[in-house]
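Structure first, then comments.
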Amino acid sequence: MASRQVVQQQNRGEVVPAANKQKNMVVERKNRRALGDIGNMVTIRGVDGKPLPQVSRPVTRSFCAQLMANAQAANAENNKSLAVNANVVDGAQPIKKAAVRKPVQKKPAAKPKPEERIEISPDSEVVEKAGEKLSKKRAPTLTSTLSARSKAACGVSDKPKVQTVDIDAADANNHLAVVEYIDEIYQFYKSAEHEGRAHDYMDSQPEINAKMRAILIDWLVQVHNKFELSPETLYLTINLVDRYLASKASPRKELQLVGLGAMLIASKYEEIWAPEVNEMVFIADSTYTSRQILVMEKKILGQLEWSITVPTPYVFLVRFIKASMTDVKVENMVYMLAELAMMNYTSAIMYSPSMIAASAVYAARCTLNHSPAWNETLKLHTGFSEEQLMDCAKLLVTFHSTLAENNLRGIYRKYHSSEREAVALLPPPKNLMLSI
């Protein structure tokens, strides 16, 4: 730069022409950057030409301003002496003293005005300006719309979850309740229940019809009650009968024998003390011999390939009754409706075991006026909504409404006693009867 050339000439003791020196000072004022060369690039000299001592103290804003003032004062003195010498040598007019720039006093920084703060929520924006809070609705953005659609497609919802009751909390210390993996067990039951179901087989049976089957099941209910067997045995017996008849045509005279063989198998599978074969002969009024019953037992097992472990309606009834959290009266009503469903061929074949169990619980709660008839806890554990159960529940209520006048009295007599809360005498729910 020109200013640096002037300083270098001054440092070497050369005389600079006044015109060039004045021009260089103007250029220097235009190109100078604040605090650019102070104490760094230019060696500042005093009046006598000796360099001023360098300062090693920390540089602050006030200190930099003081250094600038001192440097400008020193340059002014040097320029004055150089101008006098130039006038003497060249006879030029004396140059006016250059004005010394005073350091600019910084004004105290004013307090910044409160900035606008915008908080954007999914549905509205809040603006705070000068202590004033304004709120206004804004249109949903494309991002929020796409996010909402993605959540809906994935089944994710921002709605608060409905509270459900932990039905296994009381069994936390009961090792037989297997609380740790009870949910996984019932998930497996739900996935495997269709494999253990019998298909519609009446058209393939030349000598058997649905009415004969109902008579057989009603008689098996009475035999089961007479032997005081467990509920699991009854439901497994009916399952074995249907699956065998669905796979093999049987004559009419062997239908009762099929029932005896199936009950003998179920008793050996479920009971601690199963009935003996001679007791089966006695209960059938010696219609069949012990050998015939044992042969039928073997035929059933061979036809079904020894596949006995299947989810029957009873395994679902136990869980769904627990989820219902009701009294013994509701429990007996549920079992009565479930047995009516198993006795009738249409409901037993048409609906899955879990559907029959859930519908029996729903119809029982409606019969005994429990409100609400269906809640989130039952929906969670059964996997069915109230609308899904309506058709099957109405069918069960129909069976209940005709129970007293029916010729098949086995189930009626079983649930007519006070030991089972006399639930057979209760009237069916009118809300389900009106639309049947």
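The values are calculated or read from the model by the stated rules, or taken from the named source; none is laboratory data. Nothing here was measured: the structure is a model prediction, and the numbers come from that model. Positions of Cβ are generated from backbone atoms using ideal geometry, with glycine treated the same way; all protein chains shown enter the neighbour counts. Note: accessible area is taken over every heavy atom of the protein model, side chains too, but ligands, DNA and RNA are not part of it. Shrake-Rupley method; radii C 1.70, N 1.55, O 1.52, S 1.80 Å.
Scanning region 366-416 for residues that are of a type in the set (Phe, Trp, Tyr) and open to solvent by 10 Å² or more (accessible area, probe 1.4 Å) turns up TRP374, PHE384, PHE399, TYR412. Within region 225-256, can you find the residues that are over 45 Å from the mean Cα position of the chain (by Cα) and open to solvent by 10 Å² or more (accessible area, probe 1.4 Å)? Within region 225-256, ASN225, LYS226, PHE227, GLU228, LYS248, ALA249, PRO251, ARG252, LYS253, GLU254, LEU255, GLN256 meet the criteria.
Every listed requirement among (1) out of contact with any Cys (no Cβ under 6 Å at 6 or more places or on another chain); (2) free of Cβ contacts under 8 Å to residues at least 40 places away in the same chain is met by GLU339 save one, (2). Report yes if some residue within region 281-298 is acidic (Asp, Glu), more than 35 Å from the chain's Cα centre (by Cα), over 20 Å from PHE188 (Cβ atoms) and surrounded by 16 or more Cβ atoms within 10 Å (Cβ to Cβ); otherwise report no. Yes, there is a match, as at least one residue in region 281-298 is acidic (Asp, Glu), more than 35 Å from the chain's Cα centre (by Cα), over 20 Å from PHE188 (Cβ atoms) and surrounded by 16 or more Cβ atoms within 10 Å (Cβ to Cβ). Can you tell me which condition ALA148 does not meet? The list is (1) at pLDDT 90 or above; (2) more than 28 Å from HIS381 (Cα to Cα); (3) within 24 Å of the chain's Cα centre (by Cα), and all the others hold. Looking at each condition in turn, ALA148 falls short on (1).
Residue-wise test of (1) in contact with an Asp or Glu (Cβ under 9 Å, 6 or more places away or on another chain); (2) free of Cβ contacts under 8 Å to residues at least 60 places away in the same chain; (3) hydroxyl-bearing (Ser, Thr, Tyr).
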| position | (1), (2), (3) |
| --- | --- |
| ILE293 | no, yes, no |
| GLU305 | no, yes, no |
| THR312 | yes, no, yes |
| ASN332 | yes, no, no |
| ALA358 | no, yes, no |
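Exactly one residue out of SER401, SER417 is out of contact with any strand residue (DSSP E or B) (no Cβ under 7 Å at 6 or more places or on another chain), within 17 Å of CYS366 (Cβ to Cβ) and hydroxyl-bearing (Ser, Thr, Tyr): that is SER401. Looking across region 354-390, the residues that are touching a helix residue (DSSP H, G or I) at 6+ places or on another chain (Cβ under 7 Å) and aliphatic (A, V, I, L, M) come down to MET355, ILE356, ALA357, ALA358, ALA360, VAL361, ALA363, ALA364, LEU368, ALA373, LEU378, LEU389. Only a single criterion out of (1) open to solvent by 40 Å² or more (accessible area, probe 1.4 Å); (2) in a helix (DSSP H, G or I); (3) closer than 15 Å to VAL241 by Cβ is not satisfied by LEU220, namely (1). Scanning region 333-365 for residues that are surrounded by fewer than 20 Cβ atoms within 10 Å (Cβ to Cβ) and not in a loop (DSSP other than H, G, I, E, B) yields TYR345, THR346, ILE349, MET350. Every test in (1) surrounded by fewer than 24 Cβ atoms within 10 Å (Cβ to Cβ); (2) at pLDDT 95 or above; (3) under 22 Å from ASP200 (Cβ atoms); (4) not aliphatic (A, V, I, L, M) is passed by GLU305 save one, and that test is (2).
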